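Student: Pasting in a structure now, in structure tokens, and then I'll have a few things to ask.
The values are calculated or read from the model by the stated rules, or taken from the named source; none is laboratory data. Bear in mind that the values here come from a model prediction, so they are computed numbers and not experimental data. Here the Cβ is made from the backbone with ideal geometry for all residues, glycine too, and neighbour counts use every protein chain on show. With ligands, DNA and RNA removed, areas are computed over all heavy atoms of the protein, side chains included. Shrake-Rupley method; radii C 1.70, N 1.55, O 1.52, S 1.80 Å.
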Amino acid sequence: LVFGESILNDGVAVVLYNMMSVFAAMESRGIDITVSQVLLGFGSFFTVAFGGLAIGLIYGFLTALITKLTSGVRIIEPLALLGAAYMAYITAELFHWSGIISLIGCGIVQAHYAFKNISAESLTTVQYFIKMLSSVSDCIIFLYLGMAFFEKHVWNTGFVLSTIVIITGVRFCSIYCLAFFVNLLRKNIHPICLKEQFIMAYGGLRGAVGFSLVSMVNQSDVPAAQMFLTTTLAVIMFTVFLQGELQYSLL
């Protein structure tokens with residue numbers, strides 16, 4: 001639950017970031033943002049999200065079909081899985097849709113269908129390669145994050161504290177509300193208990209995606225970009241070290 005919520009949360013955050021970046025660029029150029037443009041932006045949010053998901057599902061089913069025909073050439077099975085996932089991401093980004101959500105859709109279909117068609121050796125290869133790649137990516141992004149601490153910062157105590165309070169409150173409210181509706185709609189499945197809801201809400205550690213997005217903010221469009229970067233680093237320090245260490249000690 002924590003992993004799935006985190007992945008979808010990252011995908012939605014990227015989509016919202018792109019939409020708000022367009023609005024910020026329009027405002028910096030003196031273009032008035034009308035109500036119709038805001039409504040169009042929210043409509044494009046669903047188009048970007050579900051469009052990326054559709055592309056991921058298509059590539060996932062294509063992978064399942066391909067792997068049904070690879071019994072005599074097992075060596076290309078890892079390449080088919082990894083190549084299809086990468087193509088799902090590239091295709092979604094080509095249409096300016098969500099590449100992360102596209103990867104989620106492709107991975108779900110591959111896990112349910114394509115993994116059952118490939119050999120055990122190919123599955124082990126894919127799993128260990130992805131684990132290695134994810135570990136390397138984590139090291140790179142957090143190394144870059146650590147280097148960012150020594151750059152020039154703009155500190156605003158009120159903005160930092162209000163940001164931490166707001167994101168914590170909104171996360172708890174959204175998790176408990178969404179879990180209520182999920183439990184209401186899936187009565188035949190084990191409900192999400194209050195302990196699991198608290199872990200999902202409290203365990204929202206902000207890190208790589210938030211830092212990557214705020215690093216791409218154009219300062220010419222958003223003059224307070226440097227303050228946003230400093231605040232994001234403070235939020236990461238608070239959630240990862242303070243919340244993370246307390247959560248680890250409780251577990």
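Student: Of the conditions (1) open to solvent by less than 90 Å² (accessible area, probe 1.4 Å); (2) within 30 Å of L69 (Cα to Cα), E121 fails just one. Which one is it?
Tutor: It fails just one condition, (1).
Student: A further question follows. Could you please let me know if L178 is over 19 Å from N9 (Cβ atoms), of a type outside the set (F, W, Y), modelled with pLDDT of 85 or more and out of contact with any Ser or Thr (no Cβ under 8 Å at 6 or more places or on another chain)?
Tutor: No; evaluated as a whole, the condition is false for this residue.
Student: Among the residues of region 160-175, what is the count of those that are farther than 18 Å from N9 by Cβ and buried (at least 16 other Cβ atoms within 10 Å of the Cβ)?
Tutor: Adding up the residues that qualify gives 1.
Student: Can you go through L233, L178 and tell me which one is in a helix (DSSP H, G or I) and farther than 20 Å from F3 by Cβ?
Tutor: Unique residue meeting the criteria: L233.
Student: Among the residues of region 71-99, how many are surrounded by fewer than 22 Cβ atoms within 10 Å (Cβ to Cβ) and in contact with a Gly (Cβ under 6 Å, 6 or more places away or on another chain)?
Tutor: Result for region 71-99: 2.
Student: Would it be correct to say that Y17 is open to solvent by 40 Å² or more (accessible area, probe 1.4 Å), part of a helix (DSSP H, G or I), closer than 21 Å to S220 by Cβ and hydroxyl-bearing (S, T, Y)?
Tutor: Answer is yes for this residue.
Per-residue answers, yes or no, for (1) of a type outside the set (G, A, S); (2) farther than 24 Å from A54 by Cα:
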| site | (1), (2) |
| --- | --- |
| A84 | no, no |
| A88 | no, no |
| L103 | yes, no |
| A111 | no, no |
| K116 | yes, no |
| E121 | yes, yes |
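Student: Now, a different point. Could you go through region 152-164 and let me know if any residue there is among the charged types (D, E, K, R) and not in a helix (DSSP H, G or I).
Tutor: yes
Student: Turning to a different aspect of this structure: What are the residue pairs meeting all of these: first residue in region 135-157, first residue over 15 Å from L229 (Cβ atoms), second residue of a type outside the set (F, W, Y) and modelled with pLDDT under 85, Cβ atoms under 9 Å, and 6 or more apart or on different chains?
Tutor: From region 135-157, the pairs are S137/A208; D138/G207; D138/A208; F142/G207; F142/A208.
Student: Now for a separate question. What number of residues within region 1-14 satisfy the criterion of being part of a helix (DSSP H, G or I) and either aliphatic (A, V, I, L, M) or under 13 Å from W97 (Cα atoms) (or both)?
Tutor: 7
Student: Quick one: which helices (runs of 4 or more DSSP H) sit completely within region 31-128 and have at least 2 residues that are touching a residue at least 60 places away in the same chain (Cβ under 8 Å)?
Tutor: Here the list reads 99-112.
Student: If L143 satisfies all but one of (1) closer than 26 Å to Y17 by Cα; (2) assigned to a helix (DSSP H, G or I); (3) under 17 Å from the mean Cα position of the chain (by Cα), what's the number of the condition it fails?
Tutor: If we test L143 against (1) closer than 26 Å to Y17 by Cα; (2) assigned to a helix (DSSP H, G or I); (3) under 17 Å from the mean Cα position of the chain (by Cα), just (3) comes out false.
Student: Continuing with the same structure: Taking S134 and the conditions (1) modelled with pLDDT under 85; (2) of a type in the set (S, T, Y); (3) open to solvent by 80 Å² or more (accessible area, probe 1.4 Å), which numbered condition does it fall short on, given that it satisfies the others?
Tutor: (3)
Student: Kindly evaluate I141 against the criterion of being surrounded by fewer than 18 Cβ atoms within 10 Å (Cβ to Cβ), within 27 Å of F45 (Cα to Cα) and not acidic (D, E).
Tutor: Judged against the criteria, I141 is a match.
Student: Restricting to region 191-242, name every residue that is open to solvent by 40 Å² or more (accessible area, probe 1.4 Å) and touching a His at 6+ places or on another chain (Cβ under 9 Å).
Tutor: Of everything in region 191-242, just one residue is open to solvent by 40 Å² or more (accessible area, probe 1.4 Å) and touching a His at 6+ places or on another chain (Cβ under 9 Å), namely Q226.
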